[in-house]
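Enquirer: Please find one structure pasted underneath; my questions will follow.
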Amino acid sequence: MDKKKRKKKKKFSIKKFMFFIIYQILFLSITGIILVFHGPFHNVKKILVGTAMSTFKHQYIATLFLSKDEISKMVNNSKVYDKQDVGDIQISGDEDKSITRYNVHQNRFDGYILEIKDPKRVKVACTSKIGVQGQRVSEMAKERKAIAAINGGGFFDKNDSGKEWVGTGAYPEGLVISDGKIVRNNLKDDEEVDVMAFDDKGKLIVGKKTFNELKKMNLKEALTFNRTLIVNGKPQVEDEGEQGLQPRTAIGQKRDGTVVFIVIDGRKLFKEGASLKDLQDVLLEQGVWNAGNLDGGSSSTMYYKGEIINNPCNSTGERTVATAFYVAP
C-alpha cells in the first residue's frame, strides 16, 4: 500500500509540474505580446510589424493586435529623397570584364556581394513565360549565358477567379525595360515609383520617377520596386526598424561606374535577416554612391558562375520570380 501511495503522489507531482510549466509559457507569451505591442519598446514593435507586413503569410501577427491606421503609420514611407546628380558617376571600367565577390557576416545575417566593373554588361531579364508563371533566377541566367544574376522587382499572379495574388511570378509589377524596349508597364503616366534603371551610358538612375519622366531618359534597362537606399552617397533610410528584418536584394553603383549586386539571407535560426538600414549601411561601407532596394524575402537569390551562392529561405529552394538583373557574358 505504501508503494502505491508513493506512485500516486509522484504522478500527481509530475502533473502539477507540467501544469506549472505550461502556465508559465502562456503567461510569458501573453505578457511578451502585450509589452511588444502596447509597451514602451517602439523600435521592437516597429521591427516586428515591419517584418510581418513584408510577408504575405504572417501579416496576422500585426493585424491581430493593431488597427490598419496604426500599421499604416508605422510601415508607410513618406521620405522625400535627395535629388540625384548622375554627373557624379564617371565610368572607368567599361572594358573591364572582371567581377569581384565578397562575403558579409554580421550577427543578424550573412550576405553576398558581387562587384561588376563594366556597367553596360548589366541587363534586365524577364520571365519567358510571362502571363503564365515566373522562372528561377538560375533559369533566366542560363538562358542568357549570364555570369551572374540576382532577382529583380515585384510580381503578381491571377487565380481562376481573376483575383490578384503573389505567387509564381507570372506578371512583373511596375515597369520593365530590357535592351531599350518596354517589356511590361502597368504604371499610370504620372504615377511616382522607385526605379532602378541604367541609361545608355551605363549610369544607374534611382529615386522616385513618373513614367512620363522615365520616357525622356533614354533608358536601356529598368525595373521598379520600393525604396531608394542611397542617392549621391547619402543614406536615404534613417529608421532602424523600417520594413523589419528580412532576406534582402539590392543593386547599387559606385562613382567609377562599378555595379554592386547584394543579397542577404534571413529567416533562419539566429539569422533573422537585415533591415533596410542594415542593407544601406553595408552598401555605404562598400563605397556605393547610388542604390535601390529590390524584392526580398523568399525571392532573394544570387547566381554566380553556374550556381546559387546564397541560401534562399523558400521552403522548396530557389523561387520562381518575374524579373532579374544579370551580367551578360
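Enquirer: Tell me which residues, restricted to region 284-310, are under 20 Å from Glu115 (Cα atoms) and under 14 Å from the mean Cα position of the chain (by Cα).
Expert: Ala291, Gly292, Asn293, Leu294, Asp295, Gly296, Ser300, Thr301, Met302, Asn310
Enquirer: Quick one: is Lys68 modelled with pLDDT under 95, over 22 Å from Glu240 (Cβ atoms) and surrounded by fewer than 18 Cβ atoms within 10 Å (Cβ to Cβ)?
Expert: yes
Enquirer: Also, quick follow-up: For region 107-127, enumerate the residues that are more than 27 Å from Asp256 (Cα to Cα) and either open to solvent by less than 20 Å² (accessible area, probe 1.4 Å) or at pLDDT 95 or above (or both).
Expert: The answer is Phe109, Cys126, Thr127.
Enquirer: Let me ask another. Could you please give the count of residues in region 230-256 that are at pLDDT 95 or above and closer than 24 Å to Ile309 by Cα?
Expert: The qualifying residues number 8.
Enquirer: In region 85-110, what count of residues is obtained for those that are under 18 Å from Gln246 (Cα atoms) and among the aromatic types (Phe, Trp, Tyr)?
Expert: Number of matching residues: 1.
Enquirer: Residues of region 140-173 being in a loop (DSSP other than H, G, I, E, B), at pLDDT 95 or above and either in contact with a strand residue (DSSP E or B) (Cβ under 8 Å, 6 or more places away or on another chain) or β-branched (Val, Ile, Thr) (or both), which ones?
Expert: Arg144, Ala146, Ile147, Gly152, Gly153
Enquirer: Here's a follow-up. Look through region 183-207, keep the residues that are part of a strand (DSSP E or B) and among the aliphatic types (A, V, I, L, M), and return whichever of them is farthest from Asp85 (Cα to Cα).
Expert: It comes out as Val183.
Enquirer: Using the structure shown, decide if Val193 is surrounded by fewer than 22 Cβ atoms within 10 Å (Cβ to Cβ), touching a strand residue (DSSP E or B) at 6+ places or on another chain (Cβ under 6 Å), of a type in the set (A, V, I, L, M) and free of Cβ contacts under 8 Å to residues at least 40 places away in the same chain.
Expert: In short, yes.
Enquirer: Identify, by number, the condition in (1) within 17 Å of Val176 (Cα to Cα); (2) surrounded by fewer than 23 Cβ atoms within 10 Å (Cβ to Cβ); (3) touching a Ser or Thr at 6+ places or on another chain (Cβ under 6 Å) that Leu214 doesn't meet.
Expert: Unmet for Leu214, out of (1) within 17 Å of Val176 (Cα to Cα); (2) surrounded by fewer than 23 Cβ atoms within 10 Å (Cβ to Cβ); (3) touching a Ser or Thr at 6+ places or on another chain (Cβ under 6 Å): (3).
The values are calculated or read from the model by the stated rules, or taken from the named source; none is laboratory data. Note that the structure is a prediction, hence the values are computed from the model and not measured. Positions of Cβ are generated from backbone atoms using ideal geometry, with glycine treated the same way; all protein chains shown enter the neighbour counts. Each accessible area value is taken on the protein alone, full model and side chains, heavy atoms only, with ligands, DNA and RNA left out. Shrake-Rupley method; radii C 1.70, N 1.55, O 1.52, S 1.80 Å.
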